[in-house]
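Quick notes on the structure that follows.
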Amino acid sequence: MATTSAPPLSVVVGDEELLADRAVAEIVAAARTEDPGVDVHDLMPAQLTAGKLAEATSPSLFGEGRVVVLRSAQDLNKDLAAEVTGLLKNPADDVALVLVHAGGAKGKALLDAALKAGARRFDCAKPTKASERLQFVKGEFSRAGRQITGDAAQGLLDAVGNDLRELAAACTQLVSDTEGRVDNAAVARYHSGKAEATGFTVADRAVEGRLPEALEQLRWCLAVGTAPVLINSALAGAVRGLAVVAQPQRGAADAELAKRAKIPPWKLKTLRQQARGWSPQGVARAMAVVAETDALIKGAGRDPAYALERAVIQIATARNQR
């Protein structure tokens, strides 16, 4: 009788579809390492009947190995859940059973029964913290045998957003089209169409006092056609955020602070780090610079690029103003 090198029983738990799909693929790949011809049944609750489940999990006449994947196990009706629970107690030797469960209270009895039966657990929860998403990006490059700088990883997150499938695709593109360690310049080249991302990079480097990098990013933004008004808008947003977190908090909740700063709550940690070293006088000066630059860009000045360069220099130096 054929056997598989996949665990005889696995549970894939979590609401992040990309990670769940990868976990299932890993289990199937492990089975095919042992038996390239292993039969895979990948079933959704809507496709499943008691008869079909019995057919997929009954002993094989020819002894070939099988992997039976039950997706959205939390949505199985009472009768099918009971039948699966029975399978957990009497598994077939040539079948690797995989339950994919979204987590949560729905269908928890089946999940608990599988874990009690000794299932190997794969956790696939959706990343909710900025640090988790950053680690995901770095992990994508590690999987490909490559590295990405911390700044570049953050820049990619800012440019692409939080959807893991889109992030994974962006990482794959960068791995395919670049060589060596991926830096911020490489990320900017491939995501310059996202004006808010590149503008935010300029703003972040400016309020962090990293003037050479801020000027480099500014010149890149202008070179690829980012509108000056969008860059100054990003500068204004960064300075506004500093003003919010630099003042006494008086017990204000993070959600309220994030609302005032007009940022998602997960960005507060970054904003607080950026606010270190800023004095109230420095923030006030930076706010004045942004207002002046807005007027220059919108007609009071002749050269928007020069106005932005001047603004970046003055904001970066205002950081140390006392």
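Since every read-out is calculated from the coordinates, none of them should be taken as a lab result. This structure is a prediction, so every number in the text was calculated from the model and none was measured. For neighbour counting, all protein chains shown are included, and Cβ atoms are generated from backbone atoms with ideal geometry for every residue, glycine included.
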So if I average 1/r over every pair of distinct C-alpha atoms in region 78-227 and take the inverse, what Kirkwood radius in Å does that give?
18.5 Å
What lysines does residue 108 reach when the alpha-carbon gap must be under 19 Å and sequence neighbours fewer than 8 apart in one chain are set aside?
78, 89, 116, 126
Compactness relative to 2.2 N^0.38 Å, alpha carbon Rg of the chain:
1.34
For residue 126, which sequence-distant residues (separation of 5 or more, or a different chain) have an amide H within less than 5 Å of its own amide H, given hydrogens modelled in the peptide plane?
15, 16
Let me know the charge dipole size of region 197-322 about its Cα centre in debye, to the nearest 20, where only the beta-carbon of Lys, Arg (+1) and Asp, Glu (-1) is charged.
380 debye
Counting only residues 5 or more places away or on other chains, whose amide H sits under 5 Å from the amide H of residue 9 once H atoms are built in the peptide plane?
97, 120
Mind sorting 164, 211 by how few other Cβ atoms lie within 10 Å of their own Cβ, fewest first?
211, 164
Please turn the phi angles of region 268-280 into ³J(HN,Hα) values with the Karplus equation 6.51 cos²θ - 1.76 cosθ + 1.60 (θ = phi - 60°), one per residue in order, whole Hz, x for glycine and proline.
4, 4, 4, 5, 5, 5, 5, 6, 5, x, 8, 9, x
Provide the per-residue ³J(HN,Hα) series for region 129-141, in order, calculated from phi with Karplus coefficients 6.51, -1.76, 1.60 and θ = phi - 60°, each as a whole number of Hz, with x at glycine and proline positions.
9, 4, 5, 5, 5, 5, 5, 4, 4, 4, x, 4, 6
List the residues whose amide H sits under 5 Å from the amide H of residue 67, counting only those 5 or more places along or on another chain, with H placed 1.01 Å from N in the peptide plane.
39, 40, 41, 96
At 25 °C and 0.890 mPa s, the Stokes-Einstein diffusion coefficient in µm²/s for region 9-123, with hydrodynamic radius from the Kirkwood sum on alpha carbon pairs, is 174 µm²/s
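Please give the charge dipole size of the chain, origin at the Cα centre, charges +1 on K and R Cβ atoms and -1 on D and E Cβ atoms. Round to the nearest 20 debye.
Charge dipole of the chain: 1720 debye, to the nearest 20.
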Kirkwood Rh, Cα atoms: Rg over Rh of region 135-177
0.90
